[in-house]
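What follows is a set of notes on a single structure, which appears directly below.
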Amino acid sequence: MSDIVVYTSSHCPFCRRVKSLLDSKGTSYREINIELDEDSRMTMVEQSGRRTVPQIFVEGIGRASGRERG
């Protein structure tokens with residue numbers, strides 16, 4: 001099984017959609033809410049080069065969220 005990390009924020013509708021999709025597929029993931037931990041926010045930005053959420057990483061590799069796919 002893949003190691004999936006999803007960076008989120010509390011009031012992000014796109015984050016809720018990503019989590020809902022993963023939940024509906026029975027996919028396990030680790031959620032990191034960047035509003036609760038400034039270090040996590042900085043780690044996300046360093047890894048992705050982006051400040052927006054959701055940011056999704058599968059086995060440490062960043063994957064584009066729906067908004068970035070075009």
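The values are calculated or read from the model by the stated rules, or taken from the named source; none is laboratory data. Quick caveat, the model's predicted, so the values are computed rather than measured. Note that we place each Cβ from the backbone using ideal geometry, even for glycine, and neighbour counts take in every protein chain shown. These area figures cover heavy atoms from the full protein model, side chains too; ligands, DNA and RNA do not enter into them. Shrake-Rupley method; radii C 1.70, N 1.55, O 1.52, S 1.80 Å.
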The long-range amide H neighbours of Gln55, using H built 1.01 Å from N in the peptide plane and a cut-off of under 5 Å, are Tyr7
Arrange the residues Leu22, Leu36 by how much accessible surface each exposes, largest first, with a 1.4 angstrom probe.
Leu36, Leu22
Using the crude model of +1 on Lys and Arg Cβ and -1 on Asp and Glu Cβ, and no other charge, please compute the dipole size for the chain relative to its Cα centre, in debye to 20.
440 debye
Glu31 accessible area, assembled protein chains, probe 1.4 Å, Å²
80 Å²
Would you pull out the residues with amide H under 5 Å of Glu35's amide H, same chain only if 5 or more places away, H placed 1.01 Å from N?
Ser10
Full extension between Asp37 and Leu21 adds, at 0.36 nm per residue less the Cα distance, a length in nm of 3.3 nm
Quick shape check on the chain: root eigenvalues a ≥ b ≥ c of the Cα gyration tensor, a/c under 1.5 is rounded, otherwise prolate if a/b tops b/c, else oblate, and it reads rounded
So what is the relative contact order of the chain, in percent, for Cα pairs below 8 Å that sit 6 or more residues apart?
41 percent
